[in-house]
Amino acid sequence: MKHTTPHWIAIGILGAVLIGIGVKFVVLGSTAKGDDGRTAVLLEPAERQAVLGEMRILLETAQTIIEALAQEDMETVETAARQVGKAAISTMDFRLRAKLPLEFKKLGFGTHYAFDDIADMAAAGKPAREIQLKVAETMNNCIACHASYQLPVMRRNP
């Protein structure tokens, strides 16, 4: 009869390493403690610009929606919101996504899904005031993210 304990030990160690790597990249991302108490998300310059660019697009879209709601232009509300809904998530690079901490991703994905909800509400003819409240609720994701995270400029050593 063979003694197979060393194999199971090796499998256990390999499993623990894979779980550790998974936790690092899925949950923690590439982070450090920020100089102001927030979590610093450590990104390459192009990745940082991609995230900041997406944030600007979300902010611009929120402004477009707010203006369209004031004019009760539900077609513009729906079109603008749909463009940054869940379909926009698929455009993010997977290597970049792996660097983002889980809570950051939850806030970001939740924001995209909320814009789909806003588009659906406009398409269904919901009152502007009800949609405005959904926009205000969605903006809380932005506030929470900016209060919790920073994207420092990473300086390369010469």
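Structural remarks
- Volume of the Cα convex hull of region 30-150, divided per residue and given in Å³: 92 Å³
- Taking amide H as placed 1.01 Å from N in the peptide plane, the amide H of Q150 sits under 5 Å from that of T39, A40, V41, each at least 5 places away or on another chain.
- Restricting the calculation to Cα atoms, region 84-129 yields a radius of gyration followed by a Dmax of 13.1, 40 Å.
- Nonlocal amide H pairs with T31, under 5 Å, H built at 1.01 Å: L42
- Relative contact order of region 30-150, defined on C-alpha pairs under 8 angstrom at six or more residues apart (%): 34 percent
- Couplings 3J(HN,Hα) for region 45-56, derived from phi with the Karplus relation 6.51 cos²θ - 1.76 cosθ + 1.60 (θ = phi - 60°), are x, 5, 5, 4, 5, 5, 5, 4, x, 5, 4, 4 Hz, where x marks Gly and Pro.
- Each peptide in 113-119, 62-68, 31-37, 127-133 receives the mean, over its residues, of other Cβ atoms within 10 Å, and ordering these scores from highest gives 113-119, 62-68, 127-133, 31-37.
- Backbone HN-Hα couplings from phi across region 118-129 [Karplus 6.51/-1.76/1.60, Hz, Gly and Pro as x]: 4, 4, 5, 5, 5, 5, 7, x, 5, x, 3, 4
FYI, it's all coordinate maths here, none of it is from the lab. Since this is a predicted model, take the numbers as computed values, not measurements. Ideal geometry is used to build each Cβ from the backbone, glycine not excepted, and the neighbour counts take in all protein chains shown.
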